[in-house]
Amino acid sequence: MLNLNQQVGIIKWIISWSRRNLFKYYGTYYKIMSSQINKFKAFIISFILVVLTATIGNIFTSRNVDTWYRTINKPFFLPPNSVFPIAWTILFILMIISFYLVLTSKTNHLKSTNLIKAAITIFILQLIFNALWCYLFFEAHLLLFAVVEIILLEILIILNIVAFYKINKASAYLLIPYAMWVLFATALTIGVYVLN
C-alpha cells in the first residue's frame, strides 16, 4: 500500500503526463475538423476512447470491490452491486454514440471548427476524470480526493453537454443520463467519505 505522499505523487504525474502528451496524441482530431470525418473512423475513435476509459476504470474497480470495498461503511441508498455494470454499460454506449455524432457533424466555418475542438477537449478531459475517480476511490482509497474529483467530473460533464448542444442537440441529450448518474455517484461518494 502506497503512503499518502506517494499516492499524491502518482496523481500529479498522471496530470502532468496528460498535459504533455494526451492532447498531442489526439491532435489528429483537430486536423480533421476542417472537413467531415469519415463515419467509420469516427465510430472507431469514439469506441476506442470510451472503451479504453471503461477498461482502465474497471481494472481499478474490479480488484478492490470484493476486498476493501466490502469492509467500508456505505450509505443506506447504495444500490446492489449488480446495478453498476448494467448502468455503466448503458452510459458508455450513450457516450460512444454522442461523441460519434459530434465527430461526424459538418463544419462549414472556423467558428464551428473551434466549437468542435472545445467540445472534444472537454469530452477527453471528462473521460480522464472518469477513470481517475476509479483510481482515487477504489485503488488509492483517497476518499476526500475522490469527493473533490467527482464534483469536478460532474462540472465537466455539464460543460460537455453545453458544448455538444451547440454542435448536435441529440449528442447533448444522450449525455444527460450520464450527468444524472454521476450526480448520484457524487452523493454516494460523499456518503462513503462521511461514514468512513
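The values are calculated or read from the model by the stated rules, or taken from the named source; none is laboratory data. The structure displayed is predicted, hence computed values, not measured ones. Positions of Cβ are generated from backbone atoms using ideal geometry, with glycine treated the same way; all protein chains shown enter the neighbour counts.
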*Could you grab the pairs with beta carbons closer than 9 Å, sequence gap of 6+ or different chains, first residue in segment 136-148 and surrounded by fewer than 20 Cβ atoms within 10 Å (Cβ to Cβ) and modelled with pLDDT under 95, second one of a type in the set (A, V, I, L, M) and assigned to a helix (DSSP H, G or I)?*
E139/I59
*Can you name the residue in segment 64-97 that is without any contact (Cβ under 8 Å) to a residue 24 or more places away in the chain and under 25 Å from I124 (Cα atoms) and, of all such residues, is surrounded by the most Cβ atoms within 10 Å (Cβ to Cβ)?*
F84
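Residue under question is F47, and the condition is that it be at pLDDT 95 or above and surrounded by 11 or more Cβ atoms within 10 Å (Cβ to Cβ); does it hold? Explain how you work it out, then say what you get.
Details: at pLDDT 95 or above: yes; surrounded by 11 or more Cβ atoms within 10 Å (Cβ to Cβ): yes.
So F47 passes the test.
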*Scanning for something under 18 Å from the mean Cα position of the chain (by Cα) and within 25 Å of F40 (Cβ to Cβ), does segment 176-184 turn up at least one residue?*
yes
*asked:* Step by step: first the residues of segment 79-110, then only those that are modelled with pLDDT of 95 or more and small (G, A, S), then the one that is farthest from V50 (Cα to Cα). Which residue is that?
replied: A87
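Suppose the filter is at pLDDT below 95 and in a loop (DSSP other than H, G, I, E, B); does T113 pass it?
On the way: at pLDDT below 95: yes; in a loop (DSSP other than H, G, I, E, B): no.
It is false that T113 is at pLDDT below 95 and in a loop (DSSP other than H, G, I, E, B).
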*asked:* Residue pairs, Cβ under 8 Å, 6 or more apart or interchain, first in segment 176-196 and in contact (Cβ under 8 Å) with a residue 12 or more places away in the chain and on the phi < 0 side of the Ramachandran plot, second basic (K, R) and surrounded by fewer than 16 Cβ atoms within 10 Å (Cβ to Cβ). List them.
replied: L188/K74; G191/K74; V192/K74; L195/K74
*asked:* Looking only at segment 149-175, filter to residues that are more than 13 Å from the chain's Cα centre (by Cα), aliphatic (A, V, I, L, M) and within 12 Å of L94 (Cβ to Cβ); which one of those is surrounded by the fewest Cβ atoms within 10 Å (Cβ to Cβ)?
replied: A170
